[in-house]
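Asks: Encoded as structure tokens, here's the structure I'll be asking about.
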Amino acid sequence: AKGGGGAPLAVGTRVQTQYTVDEGGDGRWYPGTVYRLFANGDVEVHYDDGDCWRGEARFVWSLDGPAPPMADMQPLVQGIPMGTPVGAGPLQLPPIPASETA
């Protein structure tokens, strides 16, 4: 199987995948090891933290291969993509709930 960036994947390959915000994740990249390859192109990854995932090989990046594109490396911080200019206008904060005020 070929992972992200075209790097070959095999059982035992050290890899990383991104737990995307779209999936309900935090946008971070997590290291793991390829545990199983499937005929349909899916890969099963066992992560260093004990979690497991199965998905398309194109989302699996070898730690020894090319780096993922930088756009994919930037997690969202409180819903604002990193690198977005701030301070162009007044800062808008949500109202403080009455239960949180004295």
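The values are calculated or read from the model by the stated rules, or taken from the named source; none is laboratory data. Everything quoted here is computed from the prediction, not taken from an experiment. As a convention, Cβ positions derive from the backbone with ideal geometry for all residues, glycine included, and neighbour counts pool all protein chains shown.
Asks: Among residues belonging to the range 43-102 that are small (Gly, Ala, Ser) and modelled with pLDDT of 90 or more, point out the one that is surrounded by the fewest Cβ atoms within 10 Å (Cβ to Cβ).
Replies: Gly50
Asks: Using beta carbons and a limit of 7 Å, which pairs, at least six apart or on different chains, have the first residue in the range 9-28 and more than 19 Å from Val43 (Cα to Cα) and the second one at pLDDT 85 or above and among the hydrophobic types (A, V, I, L, M, F, W, C)?
Replies: Hits for this filter: zero, empty list.
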